[in-house]
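A short write-up of the structure that comes next.
Just so it is clear, none of the values below were taken in a lab; they were calculated from the coordinates. The shown structure was predicted, so the numbers you read here are calculated from the model rather than taken from an experiment. So basically every Cβ, Gly included, is an ideal-geometry build from the backbone, and we count neighbours across all protein chains shown.
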Amino acid sequence: MNPNSLDRSIDRASQTMLREARSAGIETVWDRYEKQLPQCSFGQLGICCRNCNMGPCRIDPFGEGAEKGVCGATADIIVARNLLRMIAAGAAAHSDHARDAVLTFKRMCEGAAGSYNIKDEAKLYSLATEYGIPTDNRTREEVASELADSLIAEFGKQAGPICFTRRAPEARIKLWQKIGIDPRGIDREIVECMHRTHIGVDNDATHILLHGLRTSLSDGWGGSMIATEVQDVLFGTPKPVTSSVNLGVLSEGKVNILIHGHEPILSEMIVEAAEAPEILKLAEKMGAKGINIAGMCCTGNETLMRHGVPTAGNFLQQELAIITGAVEAMVVDVQCIMPALGQLTSCYHTKFISTSPKAEFPGALRMEFHEEEAFETAKKIVRAAVENFPNRNSSKVIIPAEKQACMVGFSAEAILSALGGTPEPLLDAIKSGAVKGIGAVVGCNNVKIKHNYGHVNLVKELIKNDVLVVTTGCNAIACAEAGLLSPEAAELAGPGLKAVCKALGGIPPVLHMGSCVDISRILVLTAVVAKALGVDISDLPAAGAAPEWMSEKAVSIGAYVVSSGVHTVLGTVPPVLGSETVTGLLTSGLNGVVGASFAVEPDPFKAAELMLSHIEAKRKALGLE
Ligand code: CUV
Ligand code: SF4
């Protein structure tokens, strides 16, 4: 890879910081990637196994050396098992996040998490109804408490089904039941992944993969959806709000606190704590003009869409933000936080504060966060950042100018209300061809793809061709940085989509639906549209993409999106090419099983073509020309 900053990112703010990193001799993720090259080809192909201590074993991809592991496992078995473990880890990450949100909710009901309360009562009652919980003559707290118990029970259910899976169209549920992938309790599915992949248990690639689909569904329609819904009850269901993104949101004169990771439980409190009068007074005393909170990654998405808190960047910008020299504290919880941050922050005055009982980092200052004293801990963290302000070395500060306006917060509820309360106007637009279909573009950054290049170009191609795009995660932030989440971006859309955006009062052609767990909102939206059309999700003119994905969570996401019937294009190659059987199943065999499959295409322009032709084919099948 060429170390030229222009080749590493398409984003100007990031290019500026990459230049600064080079001149200061600071190492970043791109440099570490180069040191890894060439990466191990056995790993890339997915044909190494360390599942027992007779190994490690590896299969010779050229058929010259070993064809089997010591136990006799073939490439098919090893690749499928490795993939299943990736799905298990991803589903576990989302679902453990959900568990913590639900437990906080339960503690709040018991009066033991005093800093939290119910922000969306309407959602509380609609969820209670969905769970068959009686609401007449009961206090709000009684209803909430029983709902919390029902949600907690979803994790340990020995027999299915998970309640929210019943939001899918009837035909989809029947299909899941028929092929045996209607998920049971979330924890059960994940544990079974680990059991099946232990030496000498499940040794048939197809059989292994089917359990992968079931596990992923327990994430999408289970863990992730539970996280989304409970967070909406606790923190409010997002509504359209404007804000700004990119490294330029950092402030020269204020105390900058970055909140990075994935859970809103902590960040919601930090946002509140930064408004406490005594803390603002302290900031003034320290010579700051105020306190500036900015998000990163999905924690950023959560606070962006609920409070309009600006976001400083996505996954590959976490180090670049520190290199501005203007960050007093980088506060992290879980997921996608580079362990490199410890050493990096030690080159600056930045305090690297870890908060999750589950996640410790080298070089981090530990300020463990527990619901019981949430607000107090949040204040302590903010105070530590404020007191660090005088240590900022202004000669080291470089804040890029780029700061892009965006409109975010399009929950499924917000989209329906923008449509006037029913999906009909959207259906009409799809039927008339003004909107050709829906593109769901999500997922991480990956150093293997030029930062934001895949995200931005793919989305631009889709809207240019009248495909309405819904986005979450790091794609959403990339889109925001490129100006695609502003109403003005409708000018970049095809004539049909542009007119629809204008008719709906000036919405962007790319709708920010939230964080990664909020891909569950996309599932809900597709289910609503499919039901209104009287078809299955796999019949919709819709396609998904993860142009720069890297995490195991993304593998679980891809699996549940496809299992839900949405054809999905991946921008980086998953480690499966060592098995023709597994590769064939993923890229075509699944069509006959769940009515959708994967494609891999690193070039975003070609990926857009794949999605567009899929959408065209689905339109034709529905009789829409
Ligand atoms: Ni999950 S999308 S890197 S932060 S999982 Fe993290 Fe959201 Fe990928 Fe981005
Ligand atoms: Fe090797 Fe089989 Fe053990 Fe894997 S499970 S390390 S293939 S012997």
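Within the stretch 585-612, being under 14 Å from Thr568 (Cβ atoms) and surrounded by fewer than 16 Cβ atoms within 10 Å (Cβ to Cβ) holds for Thr587, Ser588, Asn591.
Any chance you could count how many residues in the stretch 295-325 are in contact (Cβ under 8 Å) with a residue 40 or more places away in the chain and either within 13 Å of ligand 1 (Cβ to nearest atom) or within 12 Å of Gly409 (Cβ to Cβ) (or both)? Talk me through it step by step, then tell me what you get.
First pass over the stretch 295-325, keeping only residues in contact (Cβ under 8 Å) with a residue 40 or more places away in the chain: 297-321, 323-325.
When the remaining residues are screened for being either within 13 Å of ligand 1 (Cβ to nearest atom) or within 12 Å of Gly409 (Cβ to Cβ) (or both), the result is 297-309, 311-318.
Total satisfying the criteria: 21.
Residue under question is Glu424, and the condition is that it be crowded, with 19+ Cβ neighbours inside 10 Å and among the acidic types (Asp, Glu); does it hold? Even if it seems obvious, please write down each step before you answer.
Details: crowded, with 19+ Cβ neighbours inside 10 Å: no; among the acidic types (Asp, Glu): yes.
Considered against the rule, which asks whether it is crowded, with 19+ Cβ neighbours inside 10 Å and among the acidic types (Asp, Glu), Glu424 comes out as no.
Selection within the stretch 517-569: residues that are within 13 Å of ligand 1 (Cβ to nearest atom) and either without any contact (Cβ under 8 Å) to a residue 40 or more places away in the chain or among the hydroxyl-bearing types (Ser, Thr, Tyr) (or both). The member of this set that is surrounded by the fewest Cβ atoms within 10 Å (Cβ to Cβ) is Ser551. Taken over the stretch 568-594, the criterion of being over 24 Å from the mean Cα position of the chain (by Cα) and outside any helix (DSSP H, G or I) is satisfied by Leu577, Gly578, Ser579. Quick check on the stretch 474-493. Is at least one of its residues more than 18 Å from Phe605 (Cβ to Cβ), more than 16 Å from ligand 2 (Cβ to nearest atom) and among the hydroxyl-bearing types (Ser, Thr, Tyr)? Within the stretch 474-493 (the criterion being more than 18 Å from Phe605 (Cβ to Cβ), more than 16 Å from ligand 2 (Cβ to nearest atom) and among the hydroxyl-bearing types (Ser, Thr, Tyr)), the answer is yes, since at least one residue qualifies.
Take the conditions part of a loop (DSSP other than H, G, I, E, B), within 16 Å of ligand 1 (Cβ to nearest atom) and at positive phi and apply them to Gly420. Does it pass?
Considered against the rule, which asks whether it is part of a loop (DSSP other than H, G, I, E, B), within 16 Å of ligand 1 (Cβ to nearest atom) and at positive phi, Gly420 comes out as no.
Yes or no: the stretch 599-611 includes at least one residue that is closer than 20 Å to Arg214 by Cβ, away from ligand 2 (no atom under 16 Å from the Cβ) and not in a strand (DSSP E or B).
Step one: of the stretch 599-611, the residues closer than 20 Å to Arg214 by Cβ are none.
Within the stretch 599-611 (the criterion being closer than 20 Å to Arg214 by Cβ, away from ligand 2 (no atom under 16 Å from the Cβ) and not in a strand (DSSP E or B)), the answer is no, since none of the residues qualifies.
Every test in (1) under 33 Å from the mean Cα position of the chain (by Cα); (2) over 15 Å from Pro574 (Cβ atoms); (3) within 9 Å of ligand 2 (Cβ to nearest atom); (4) free of Cβ contacts under 8 Å to residues at least 40 places away in the same chain is passed by Ile77 save one, and that test is (4).
Conditions (1) of a type in the set (A, V, I, L, M, F, W, C); (2) within 20 Å of Ile118 (Cα to Cα), marked per residue:
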{"residue": "Thr215", "(1), (2)": "no, no"}
{"residue": "Ser224", "(1), (2)": "no, yes"}
{"residue": "Leu234", "(1), (2)": "yes, yes"}
{"residue": "Pro238", "(1), (2)": "no, yes"}
{"residue": "Glu268", "(1), (2)": "no, yes"}
{"residue": "Glu272", "(1), (2)": "no, yes"}
{"residue": "Ala283", "(1), (2)": "yes, no"}
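Tell me, which residue of the stretch 239-264 that is under 16 Å from the mean Cα position of the chain (by Cα) and not charged (D, E, K, R) is nearest to Asn391 (Cα to Cα)?
Our first condition is that a residue be under 16 Å from the mean Cα position of the chain (by Cα); within the stretch 239-264, this holds for 259-264.
Within this subset, residues satisfying the condition of being not charged (D, E, K, R) are 259-262, 264.
Working: Ile259: 20, His260: 22, Gly261: 25, His262: 28, Pro264: 28 Å.
Ranking the qualifying residues of the stretch 239-264, first place goes to Ile259.
Within the stretch 367-379, one or more residues are touching a strand residue (DSSP E or B) at 6+ places or on another chain (Cβ under 8 Å) and surrounded by 15 or more Cβ atoms within 10 Å (Cβ to Cβ). When Cys57, Cys71, Cys52 are checked against the criterion of being within 14 Å of ligand 2 (Cβ to nearest atom), in contact (Cβ under 8 Å) with a residue 12 or more places away in the chain and surrounded by 19 or more Cβ atoms within 10 Å (Cβ to Cβ), a single residue qualifies: Cys57. Here is the figure for the stretch 177-236: residues that are in contact with a helix residue (DSSP H, G or I) (Cβ under 9 Å, 6 or more places away or on another chain), away from ligand 2 (no atom under 16 Å from the Cβ) and over 20 Å from Gly473 (Cα atoms) total 25. Among the residues that make up the stretch 129-148, is at least one of them in contact (Cβ under 8 Å) with a residue 12 or more places away in the chain, assigned to a helix (DSSP H, G or I) and surrounded by fewer than 14 Cβ atoms within 10 Å (Cβ to Cβ)? Yes, the conditions are met somewhere in the stretch 129-148.
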